[in-house]
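The structure appears below as structure tokens.
The values are calculated or read from the model by the stated rules, or taken from the named source; none is laboratory data. Source: prediction; values computed, not measured. Note that we place each Cβ from the backbone using ideal geometry, even for glycine, and neighbour counts take in every protein chain shown. Accessible surface areas use protein heavy atoms only, side chains included; no ligands, DNA or RNA. Shrake-Rupley method; radii C 1.70, N 1.55, O 1.52, S 1.80 Å.
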Amino acid sequence: MAVYFSVVGLAAMFATVPRADAWGCKGHQTVALLAEKHLTPEAKQLAQKLLSENPMDPKLNRYCGGAMRDAMADASTWADDVRGERKNGPWHYIDIPREAQRGPLEPFCGREDCVTRAIREQLAILKDKNADAAKRADALRYVIHFVGDLHQPLHTATNADEGGNCVPLKYLRRNPHEHNHSYSPNLHGIWDTAIPERDAEGADPGEYAEMLDALFAADIEGWEKAGIHVDDWAWEGHEYAKSTAYGNLVPKITVEPHVAVHTCTDNNNIGDRLLHQNIVAGEAYQEKAAPVVEKRLAEAGVRLAMILNEAARETE
Ligand SMILES: [Zn+2]
């Protein structure tokens with residue numbers, strides 16, 4: 001769970017629920033490393049040049065550690081580290097109600113922005129050769145991160161429960177605990193971190209990326225041919241959230257009314273209400289979720305490469 005303990009982060013935690021805001025470190029680094037396998041030489045060069053010539057603030061507290069040897073993997077978690085200082089929280093997700101039907105995403109994006117719009121905006125900066133180089137480097141870091149986030153199913157769906165952050169559950173042997181109206185484990189958090197970590201069986205991000213790239217080798221060409229459709233990718237994730245993330249919980253949780261939720265005490269104490277339902281995600285849940293996590297990480301990596309390849313082509 002990407003809760004970071006800088007002073008700003010801690011202050012923010014008391015102000016609002018510490019919404020987990022990303023695949024964990026391993027997920028994001030895996031997406032970046034998988035993408036690199038599919039970059040054109042031009043895209044690779046563009047990324048390396050922007051990142052090396054415009055380094056991150058060395059004083060920035062890096063939640064995932066700053067020692068990744070690979071520049072893109074290192075860049076992949078930066079957006080979470082600057083979440084407090086840049087107030088970019090809403091850029092990491094889009095709250096599509098659980099029962100919403102496919103259609104334009106604009107109604108769900110909101111005044112504070114959302115992940116699909118953030119990808120478009122940052123991509124425009126990345127592609128603008130006349131933009132400030134430091135801004136383009138940050139835009140690249142954002143795009144690497146947000147294409148990852150977009151593929152986490154619970155970043156594109158909500159049941160008036162903060163995208164599953166307010167769904168306390170027992171995960172395998174871990175019982176849920178409440179602290180300042182946030183819960184651990186919770187549905188969002190296990191998708192960010194625990195499910196992929198367990199699925200990786202100790203593999204580091206490089207090894208996990210290798211494994212996924214081989215596992216989906218037969219599908220990758222099809223994904224590439226389908227082209228770049230950010231909104232469709234969001235709806236795909238929404239579908240997985242419905243069918244797999246919410247669909248396999250025991251007991252089933254009902255569809256909540258579509259109300260705005262900023263903490264787990266909203267929506268008539270959603271967190272506390274669900275805590276008392278003793279929701280369980282056990283071995284059977286992990287087995288159904290893991291293939292979806294694997295596919296989404298692989299798709300995110302391949303699609304990130306497609307986006308960066310196009311950006312490099314257009315800025316030549
Ligand atoms: Zn994020």
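General observations
- Selection of the range 244-259 for residues being open to solvent by 40 Å² or more (accessible area, probe 1.4 Å) and touching a residue at least 60 places away in the same chain (Cβ under 8 Å) yields V255, P257, H258, V259.
- Filtering the range 83-104 to residues that are within 11 Å of the ligand (Cβ to nearest atom) and crowded, with 21+ Cβ neighbours inside 10 Å leaves R83, W91, H92, Y93.
- A Cβ distance below 9 Å, combined with a sequence gap of six or more or placement on separate chains, defines the contacts here; from the range 272-291, residues that are under 24 Å from M211 (Cα atoms) and touching a residue at least 40 places away in the same chain (Cβ under 8 Å) reach residues that are open to solvent by 50 Å² or more (accessible area, probe 1.4 Å) and part of a helix (DSSP H, G or I) in the pairs Q286/R198; A290/R198.
Per-residue answers, yes or no, for (1) crowded, with 20+ Cβ neighbours inside 10 Å; (2) assigned to a loop (DSSP other than H, G, I, E, B); (3) not acidic (D, E):
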residue: N267; (1), (2), (3): yes, no, yes
residue: L274; (1), (2), (3): yes, no, yes
residue: A289; (1), (2), (3): yes, no, yes
residue: R296; (1), (2), (3): yes, no, yes
residue: E299; (1), (2), (3): yes, no, no
residue: E310; (1), (2), (3): no, no, no
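- Residue in the range 32-47 that is modelled with pLDDT under 95 and part of a loop (DSSP other than H, G, I, E, B) present: no
- Note on the range 23-40: residues that are over 24 Å from D219 (Cβ atoms) and either away from the ligand (no atom under 16 Å from the Cβ) or open to solvent by 40 Å² or more (accessible area, probe 1.4 Å) (or both) total 0.
- Listed by first and then second residue, the pairs linking a residue in the range 137-164 that is over 19 Å from G110 (Cα atoms) and among the small types (G, A, S) to a residue that is open to solvent by 10 Å² or more (accessible area, probe 1.4 Å) and within 15 Å of the ligand (Cβ to nearest atom), with Cβ atoms under 7 Å apart and 6 or more places separating them unless they lie on different chains, are A139/Q122.
- Summed over the range 69-81, residues that are outside any helix (DSSP H, G or I) and crowded, with 19+ Cβ neighbours inside 10 Å total 2.
- Number of the exception - G66 against (1) open to solvent by less than 30 Å² (accessible area, probe 1.4 Å); (2) of a type in the set (G, A, S); (3) more than 16 Å from the ligand (Cβ to nearest atom); (4) at pLDDT below 95: (1)
- Count of the range 69-82 residues which are away from the ligand (no atom under 14 Å from the Cβ) and more than 18 Å from I119 (Cβ to Cβ): 5
- Of all residues in the range 1-31, those satisfying the criterion of being at pLDDT 50 or above and either within 12 Å of G89 (Cβ to Cβ) or small (G, A, S) (or both) are A20, D21, A22, G24, G27.
- From the list E283, E287, E299, E316, the one residue that fits, being closer than 30 Å to D219 by Cβ and at pLDDT below 95, is E316.
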